Amino acid sequence: MINERIRTIKFLIITADISAMLVAYIAAFFIRKYTMEVGLRYIMNFSNYGLLAMTAILFVIIYDIIDLANNEKITFYITRKRNNAFQLSSVLFLFISLYLYFARSLIQSRLFLVLFFILLNIFLVITKMYVIPWLAKFIGMHIDKRILLVGAPADNVMSEFNTSGFTLNPFFSQKIVKAIKYTNDFSILPKTIKADNINWVIFSYDPAHNKFLSQGVKFCEEMGISSSIVLKTIFPDTESIMDIEKINDISLLSFSPKISHKISLAVKYLLDRIIALSLLPFLAVLSIPVILLMKIESEGPILFKQKRLGFGGKLFTMYKFRTMYANAENYKKNLKDYNKNKVLFKLKNDPRVTRIGKLLRRYSIDEIPQFINVLRGEMSIIGPRPHLYDEYSEYEFWHIRRLSMKPGIACLWQAMGRSDIDFDEGVKMDLFYIDNWSLLFDFKLAIKLIPSIISGKGAY
């Protein structure tokens with residue numbers, strides 16, 4: 001039932017956003033056209049502006065599908081707790097600017113774009129704050145729920161439901177009528193449901209009262225009212241995302257790592273390849289003097305290839321510009337006593353590194369060939385750095401979770417101190433990145449990495 005309502009609300013939101021965008025677009029078009037001199041009005045015609053409108057509609061649809069992939073994001077449309085109108089309009093305006101630049105569009109009026117941006121924000125705010133909530137209520141998506149909580153009142157999860165202002169679901173105007181404890185007398189449940197006109201019962205899980213719980217769910221089913229069990233009370237210590245999945249007729253309670261935003265990750269990896277592809281000409285030109293200097297200083301291949309651990313521990317071949325003398329790996333065992341890092345092999349003054357190699361490492365230029373790995377889908381531009389299989393054997397169990405995301409060319413470590421960071425501290429940063437990842441986080445981290453790479457601090 002809830003999933004069907006979610007799909008309906010999503011359709012409403014996307015339709016409303018497209019409508020707001022079209023109204024703003026048409027209004028800006030006609031305002032600009034009829035404020036021009038008569039002799040210049042021919043510039044404003046739908047043959048020039050129609051394709052941009054269609055492209056903008058497609059963008060809004062894609063943006064909303066991605067933005068609403070997480071059902072929690074729907075909440076504010078109904079509760080009016082927050083408003084992302086400016087976010088959508090800004091991203092759309094950026095997209096239009098890029099479209100006009102790359103498409104060499106015939107659109108000539110900059111004032112039209114300014115008017116469109118202002119009107120779009122106005123119409124989006126009106127739509128999201130008033131129109132969508134009213135429509136949801138009008139078509140029966142907004143339902144009043146009278147809730148009975150069953151479980152220990154001291155339970156942390158149950159107390160969250162009783163907190164004022166807490167929103168159980170964006171489609172419901174809920175009121176927690178009563179909370180009762182589990183008892184050996186089951187009759188208290190039917191009596192309470194009838195006396196207080198309850199239409200939704202929420203149970204906490206208590207293994208000592210499995211029989212009461214089972215009878216309660218069955219009774220609610222017979223009464224034709226909704227019942228739910230708080231999953232967090234079954235596994236209170238897990239931080240994974242819990243979800244109910246169905247394979248044929250078998251229902252499964254699934255636990256997924258927090259980094260499971262499948263649509264957002266798909267966008268991340270698509271953007272990785274687009275960015276990598278667009279940077280290739282510049283990186284190819286930058287690589288020419290690097291290759292020449294490498295060849296002048298020492299013999300050996302241009303690229304250093306090494307097996308690294310990728311997503312889920314899968315091995316892949318990672319590429320780097322060679323920064324060491326040929327056969328440097330053969331001398332690694334002789335230097336192990338000088339290594340102070342408990343897992344990674346890192347020497348501040350490694351005698352195997354060439355002079356040009358030190359320069360390449362300092363400014364992360366040696367990582368440029370890893371854009372090949374990005375294009376091959378083995379790496380991301382930003383993500384936890386890939387480790388060697390030998391280093392994996394030194395992992396503690398909690399370290400392994402860093403492999404739950406595709407490795408990156410750059411990571412949070414580099415912004416916070418690079419090789420000077422202790423390994424355990426670095427893994428904690430990787431896990432923080434995984435747990436808090438978003439496209440916006442990637443963007444902020446990319447900005448923060450620029451001064452770190454330019455300064456070269458902590459790189460060796």
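The values are calculated or read from the model by the stated rules, or taken from the named source; none is laboratory data. Since this is a predicted model, take the numbers as computed values, not measurements. Every residue, glycine among them, receives a Cβ derived from its backbone with ideal geometry; neighbour counts consider all protein chains shown.
Number of residues in segment 21-77 that are more than 26 Å from VAL267 (Cα to Cα) and either at pLDDT 75 or above or buried (at least 17 other Cβ atoms within 10 Å of the Cβ) (or both) equals 18. Is there a residue being touching a strand residue (DSSP E or B) at 6+ places or on another chain (Cβ under 7 Å), exposed (fewer than 15 other Cβ atoms within 10 Å of the Cβ), at pLDDT below 90 and closer than 22 Å to PRO236 by Cβ anywhere in segment 188-210? Checked against the condition, which is being touching a strand residue (DSSP E or B) at 6+ places or on another chain (Cβ under 7 Å), exposed (fewer than 15 other Cβ atoms within 10 Å of the Cβ), at pLDDT below 90 and closer than 22 Å to PRO236 by Cβ, segment 188-210 yields no hits at all.
Number of residues in segment 348-379 that are farther than 16 Å from LEU280 by Cβ and assigned to a helix (DSSP H, G or I) equals 9. Among the criteria (1) under 24 Å from LEU280 (Cα atoms); (2) touching a residue at least 60 places away in the same chain (Cβ under 8 Å), the one PRO384 does not fulfil is (2). The requirement of being outside the structural domain of VAL131 (by TED's automatic domain parsing) and modelled with pLDDT under 80 is not satisfied by LEU148. Report yes if ARG361 is more than 17 Å from LEU279 (Cβ to Cβ) and assigned by TED's automatic domain parsing to the domain that holds ASP424, otherwise no. Considered against the rule, which asks whether it is more than 17 Å from LEU279 (Cβ to Cβ) and assigned by TED's automatic domain parsing to the domain that holds ASP424, ARG361 comes out as yes.
Under the condition of being buried (at least 17 other Cβ atoms within 10 Å of the Cβ) and modelled with pLDDT of 75 or more, the residues counted in segment 333-357 number 6.
Scanning segment 235-259 for residues that are acidic (Asp, Glu) and closer than 30 Å to ARG401 by Cα, we see that the one that is surrounded by the most Cβ atoms within 10 Å (Cβ to Cβ) is ASP243. Might you check whether a residue that is in contact with a Ser or Thr (Cβ under 6 Å, 6 or more places away or on another chain) and among the small types (Gly, Ala, Ser) occurs anywhere in segment 211-227? No, segment 211-227 contains no residue that is in contact with a Ser or Thr (Cβ under 6 Å, 6 or more places away or on another chain) and among the small types (Gly, Ala, Ser). Would you mention how many residues in segment 235-258 are within 24 Å of TRP200 (Cα to Cα) and over 26 Å from the mean Cα position of the chain (by Cα)? Residues meeting the conditions: 1.
If the condition is being surrounded by fewer than 21 Cβ atoms within 10 Å (Cβ to Cβ), touching a helix residue (DSSP H, G or I) at 6+ places or on another chain (Cβ under 6 Å) and of a type in the set (Gly, Ala, Ser), then segment 358-381 contributes only SER364. Exactly one residue out of LYS232, LYS175 is within 36 Å of the chain's Cα centre (by Cα), surrounded by fewer than 18 Cβ atoms within 10 Å (Cβ to Cβ), in a helix (DSSP H, G or I) and of a type in the set (Lys, Arg): that is LYS232.
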